[in-house]
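Inspection log for the structure reproduced underneath, given as structure tokens.
Since every read-out is calculated from the coordinates, none of them should be taken as a lab result. Predicted, not measured: the structure shown is a model, and the values here were computed from it. With ideal geometry, Cβ positions are generated from the backbone for all residues, glycine too; neighbour counts draw on all protein chains shown.
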Amino acid sequence: MITRSGLSATHVLGSTPLARSTAPPSSHRSQDMTEQTPPPVRAVVFDMDGLMFNTELVFNASGTELLRRRGKVPHPQLFSRMMGRRAPDAFAVMIELMELTESFDELQEESEAIFAELLDDILAPMPGLFTLLDRIEAAGIPKGVATSSSRNYLKGMLDRFDLSDRFQMTLGAEDVTHGKPHPEIYLTAAKHLEIEPQTMMVLEDSEAGTRAAAAAGAHIISVPHEQSDSHDFSMATAIARRLDDPVILGLLG
């Protein structure tokens, strides 16, 4: 659960076992949620945690351990309410719901250490990521990343997979005033890419991120996974099973 100086605390506290599987959930099938023909895609913007990499599993394991050390078991609603949000907002939910006496700053160092210990053994790209990146580049479409995590953490994760140079734009928690589900980060992304939001395809794995993109007017495709399978994606333009789903690839021209 690395936080302000590291990664978003939004997905930190989970109870998912330490499995490497990133298989798509069974209850969400690939589907278009609208009959309207979208405008041509002029850019693609990715969320990161849980969308590009299986960091939800690391967050869940580290968060469970953080709470175990305090004699606590995560509340059933905690993870869903935290997912997709910036660290201070997510920790505020956690501290209140779990009745912790420590502050965000007090929890930060310990959560970072736990996360770092677990990362190498669990971390993997989500299915279809590299196929999708290749297809976007073949189509000549610019792409970016817009995450609730910090810029340092964002860069570190991209560098692990030699991906930093493949994105024309990146935004982290420090680049906006309001976190997801507020639309600011996706409106900012469209501005940086010099396009209208409705011509921007956004890929998200959480309800908070999906709401942010939808409110920005983007073409939002949700890609649920085990940890977000219960989220409400009714505001999405479409739902995909994985990143190389035809629902996504078919819009790249």
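Values as computed for the structure displayed
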item	result
Longest to shortest principal axis, alpha-carbon extents of the stretch 57-122, angstrom	31, 22, 21
Neighbourhood net charge (15 Å Cβ-Cβ; Lys/Arg +1, Asp/Glu -1) for Lys155	-3
222 nm mean residue ellipticity, helices alone, for the chain (DSSP H n ≥ 4; -39,500 (n - 2.57); rounded to 500)	-11000 deg cm²/dmol
Sites matching GluC sites (Glu not before Pro) across the stretch 177-244 that sit in DSSP coil, with at most 10 neighbouring C-beta atoms within 10 Å	Glu194
Cross-link reach list, lysines versus Lys191, counting only Cα pairs under 28 Å and skipping chain neighbours closer than eight places	Lys143, Lys155, Lys180
Axial C-alpha extent at least 20 Å, average Kyte-Doolittle at least -0.5 - helices from the chain (DSSP)	104-122
GNM result for the chain, Cα springs below 10 Å: residue of Asp89, Asp162, Asp175 fluctuating most strongly	Asp162
Counted charge near Arg42, where neighbours are those whose Cβ lies closer than 10 Å (Asp, Glu -1; Lys, Arg +1)	-2
For the stretch 105-155: rounded, prolate or oblate by the Cα gyration tensor [a/c cutoff 1.5]	oblate
Principal axis dimensions, the chain - Cα atoms, whole angstrom, descending	52, 35, 31
